[in-house]
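A.B. asks: Dropping the structure in here first, questions after.
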Amino acid sequence: MSTQPLMPKATAVWLVENTALSFDQIADFCKLHPLEVKAIADGDAAQGIKGLDPIVTGQLSREEIAHAEKDANLRLRLAESKVRVPEAKRKRGPRYTPVSRRQDRPNAILWLVRNHPELKDSQVMRLVGTTKTTIKAIRDRTHWNSASLTPLDPVTLGLCSQIDLDMEVSRAAKEKPVEVETGVTLLPAEVTTGPGAEAADEESGAPAEELNVEAVFAKLKQIGGSKPDEED
C-alpha cells in the first residue's frame, strides 16, 4: 500500500482550498513540508495545479476530514484502496543503461571478455545492456573504436552491481565443465618390479641393465693403450 496520496501536490491544493485543516495536517498527509503547504496557501507555489479531491478518489472520507478539522493534533490516514492492482511483471531483457554511461559499455564489455571468458553473450548482455553484435565485434577486435578501448570494471562504472556480476560468474562456472589435463604418470610399482618389467623395457626400447664387459675393456684398451691385465 502506498504511504502517500495520489498526486500529493494536487491533493494539498484541494485540502487548502476546501478544508480548515492546519498546514501541519495537510503536510503530514501529503508528505510535504509545512512551509511548502503554506506557500501553496499564499499562492507562491503549485500555481496552475488543479486540486484533486481525495474524497472522490477514495483516499479520505468526509467524516475523517471533519474530525481532523476539530482536532489539530489528529493526523489523517490514507484510506485503504478497495481495488487491488496487480504489480506489473518486469519483462526480462537487456539491462537499461543511462545515456550518460552508454559510452562506457564497450570498455566494460572488453573487461568482461578478458577477465571472465566463461560468460556467455546473453550474460554479458544482461550485465551491461548491450547487443550480441557489439560483443562479437569487441571479441574479434573489429569494433570501430577497438584501438581506443580500455578494459574497465562494469561495477566501478556503475553499469551493474557486484552481486549481479558474482551471480553470473557463479552461474557460468556451474554450467561449464571443468577440464582436467592429463599428463605422463609413473607406472605402478607392481609393473616396474614384477615379472613383466623386462618385457616392458624391451618393448619401450630401454637399455638392459647388464653391460657387455668385453666391449667395455676393449674400449678402455683403445683409449689408454694398455691392457686391462697390466692395469690390474
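The values are calculated or read from the model by the stated rules, or taken from the named source; none is laboratory data. As the structure is a computational prediction, the values presented were derived from the model and not from experiment. All Cβ positions, glycine included, derive from the backbone under ideal geometry; neighbour counts span all protein chains shown.
A.B. asks: I need the full set of residues from the range 156-191 which are modelled with pLDDT under 85, within 18 Å of Glu118 (Cβ to Cβ) and not in a helix (DSSP H, G or I), in order please.
C.D. replies: Lys176, Pro177, Val178, Glu179, Val180, Glu181
A.B. asks: So which residues in the range 116-135 are over 11 Å from Pro106 (Cα atoms), over 12 Å from the mean Cα position of the chain (by Cα) and in a helix (DSSP H, G or I), if there are any at all?
C.D. replies: Answer for the range 116-135, where residues must be over 11 Å from Pro106 (Cα atoms), over 12 Å from the mean Cα position of the chain (by Cα) and in a helix (DSSP H, G or I): Asp121, Ser122, Lys132, Thr133.
A.B. asks: If Val155 passes every condition in (1) touching a residue at least 24 places away in the same chain (Cβ under 8 Å); (2) hydrophobic (A, V, I, L, M, F, W, C); (3) in contact with an Asp or Glu (Cβ under 9 Å, 6 or more places away or on another chain) but one, which one does it miss?
C.D. replies: Failing condition for Val155: (1).
A.B. asks: Something else: Name the residue that is modelled with the lowest pLDDT, counting only residues in the range 19-59 that are surrounded by fewer than 13 Cβ atoms within 10 Å (Cβ to Cβ) and assigned to a helix (DSSP H, G or I).
C.D. replies: Among residues in the range 19-59 that are surrounded by fewer than 13 Cβ atoms within 10 Å (Cβ to Cβ) and assigned to a helix (DSSP H, G or I), the one modelled with the lowest pLDDT is Asp42.
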